[in-house]
């Protein structure tokens, strides 16, 4: 499989609109920090460490991907290394027209090597805040529990998220390759986050079917689903997601690159959208899949043949993120309206 998820649009009608997709104000809600740093910044850090860094053109399977993923945190030896990477990410995303960024952070990948969970989290959030001010966008972190590994520290992670709720952390997330993942084990962590005013965004409906999404909704009260494309296998679930305005943050290129969807043309995201489910488009791990959030919108336009009104639905769904400020929410909603009024300007 190709790591870049290159499209195969044969037989799919593309849209002819010339509105700039980079100019569409976007929320990027599903980007894993350690798989999203700009390639140039990672290569520079690797050069200073006397190591080479290259992105494979393909991954044999998801386990090869996970092994590669861990090589980037291994390059980070100081808090300043981490801060430089975080700042570079924010600036790169702003250049893609992202006005709200919610990277999924895992301070446990750096703690205790660089210090406590709190110390690492503070470094990440401070770097995000500095770069967000420079770029004129809003950034909140989605502090993430790896459900395959982090049960022993899940409550500590939730307490760390709660300590920075409204001060750089916008939500608590769960991520894991095993779906359903026995999410009931993490109920205490979810309760801590909710008590601090944080919502839950859970990985589900990627390797697991509709039952994994229902588990996230019922066990942890998730308000966003990271991926969620397999909801199309259940009409009942589709109706529930649409009625409850539960957002699915889908990642088309990632899903194809990891062999979870046969091709971009066959991705279920348009079916989710047609069923009334709020859907956002995201890059997941842009470093490793050589893609950007804007590229996902290009796929929606050129591969799925969606018109600009439907592309605007993806962007508007991003404004449902609970951690977002009212000002940024208005910026997206008003900006999308303005984008649609642009006519055929590029």
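Among the residues making up segment 269-294, those that are touching a strand residue (DSSP E or B) at 6+ places or on another chain (Cβ under 8 Å), part of a loop (DSSP other than H, G, I, E, B) and farther than 17 Å from residue 32 by Cβ are 277, 278.
Here residue 115 meets each of (1) without any contact (Cβ under 8 Å) to a residue 60 or more places away in the chain; (2) within 30 Å of residue 327 (Cβ to Cβ); (3) surrounded by fewer than 21 Cβ atoms within 10 Å (Cβ to Cβ) with one exception, condition (2). Going by what's in this entry, would residue 211 be described as part of a helix (DSSP H, G or I), under 18 Å from residue 148 (Cβ atoms), in contact with a helix residue (DSSP H, G or I) (Cβ under 6 Å, 6 or more places away or on another chain) and at pLDDT 95 or above? In short, no. In the set 243, 190, only one residue is out of contact with any helix residue (DSSP H, G or I) (no Cβ under 7 Å at 6 or more places or on another chain), at pLDDT 95 or above and either buried (at least 24 other Cβ atoms within 10 Å of the Cβ) or in a helix (DSSP H, G or I) (or both); that residue is 243. From the list 182, 173, 209, the lone residue that is closer than 21 Å to residue 29 by Cβ and touching a residue at least 12 places away in the same chain (Cβ under 8 Å) is 173. Can you find a residue in segment 217-224 that is without any contact (Cβ under 8 Å) to a residue 24 or more places away in the chain, closer than 21 Å to residue 183 by Cα, out of contact with any helix residue (DSSP H, G or I) (no Cβ under 7 Å at 6 or more places or on another chain) and not in a loop (DSSP other than H, G, I, E, B)? Yes, because at least one residue in segment 217-224 is without any contact (Cβ under 8 Å) to a residue 24 or more places away in the chain, closer than 21 Å to residue 183 by Cα, out of contact with any helix residue (DSSP H, G or I) (no Cβ under 7 Å at 6 or more places or on another chain) and not in a loop (DSSP other than H, G, I, E, B). Of the residues that make up segment 151-170, is at least one surrounded by 24 or more Cβ atoms within 10 Å (Cβ to Cβ), assigned to a strand (DSSP E or B) and touching a residue at least 24 places away in the same chain (Cβ under 8 Å)? Looking through segment 151-170, at least one residue is surrounded by 24 or more Cβ atoms within 10 Å (Cβ to Cβ), assigned to a strand (DSSP E or B) and touching a residue at least 24 places away in the same chain (Cβ under 8 Å). Hey, does segment 164-176 have a residue that's farther than 21 Å from residue 321 by Cβ and at pLDDT below 95? Checked against the condition, which is being farther than 21 Å from residue 321 by Cβ and at pLDDT below 95, segment 164-176 yields at least one hit. Inclusion of residue 127 among residues that are without any contact (Cβ under 8 Å) to a residue 40 or more places away in the chain, part of a helix (DSSP H, G or I) and either surrounded by 21 or more Cβ atoms within 10 Å (Cβ to Cβ) or in contact with a strand residue (DSSP E or B) (Cβ under 9 Å, 6 or more places away or on another chain) (or both) is not warranted. For residue 132, the conditions (1) in contact with a strand residue (DSSP E or B) (Cβ under 6 Å, 6 or more places away or on another chain); (2) outside any helix (DSSP H, G or I); (3) over 17 Å from residue 249 (Cα atoms) are fulfilled apart from (2).
The values are calculated or read from the model by the stated rules, or taken from the named source; none is laboratory data. Every value quoted in this text rests on a predicted model; they were computed, and no experiment measured them. Virtual Cβ from ideal backbone geometry, glycine too; neighbours counted across all protein chains shown.
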